[in-house]
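The structure appears below as C-alpha cells.
Every read-out reported here was derived from the displayed coordinates using simple, explicitly stated rules and does not represent laboratory data. This is a predicted model, so every value here is computed, not measured. Cβ placement follows ideal geometry from the backbone for every residue including glycine, while neighbour counts extend to all protein chains displayed.
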Amino acid sequence: MEVKCKVCKRKPDEIYEYIISARGERISPQEYVIRQEGTYNMLTGKFYCTKCYIKIGLPLGVA
Ligand SMILES: [Zn+2]
C-alpha cells in the first residue's frame, strides 16, 4: 500500500513538514504520517497534506 496525499499524490518523504517532524521523532516521514497524521486513512494509505487539506476546505474525517 502506498502512503500518499489523496489530492496532490505526494508521498510523505516529498513533503517538507513531514520530513522535519519525522526527523524530530527519529522515524521515517511515512511512519510519521501513519502514526500522527489525523487524516491518514489506514484502509487506503491516503491522507491530506496540510496544504491540500486547507485547499479543499478542512473536511472532517480521514482522506
Ligand atoms: Zn497534498
Report whether or not C8 is in contact with a strand residue (DSSP E or B) (Cβ under 7 Å, 6 or more places away or on another chain) and touching a residue at least 12 places away in the same chain (Cβ under 8 Å).
no
Regarding region 6-14, can at least one residue be identified that is away from the ligand (no atom under 12 Å from the Cβ) and either surrounded by fewer than 19 Cβ atoms within 10 Å (Cβ to Cβ) or part of a loop (DSSP other than H, G, I, E, B) (or both)?
yes
Out of region 15-29, which residues are away from the ligand (no atom under 11 Å from the Cβ), surrounded by 12 or more Cβ atoms within 10 Å (Cβ to Cβ) and in a loop (DSSP other than H, G, I, E, B)?
I27, S28
Of residues in region 40-63 being near the ligand (Cβ under 10 Å from one of its atoms) and part of a loop (DSSP other than H, G, I, E, B), the one farthest from P12 (Cα to Cα):
I56
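Take Y32 and decide whether it is part of a helix (DSSP H, G or I) and surrounded by 20 or more Cβ atoms within 10 Å (Cβ to Cβ). Walk me through how you get there before you give the answer.
Values: part of a helix (DSSP H, G or I): yes; surrounded by 20 or more Cβ atoms within 10 Å (Cβ to Cβ): yes.
Spelling it out, Y32 is indeed part of a helix (DSSP H, G or I) and surrounded by 20 or more Cβ atoms within 10 Å (Cβ to Cβ).
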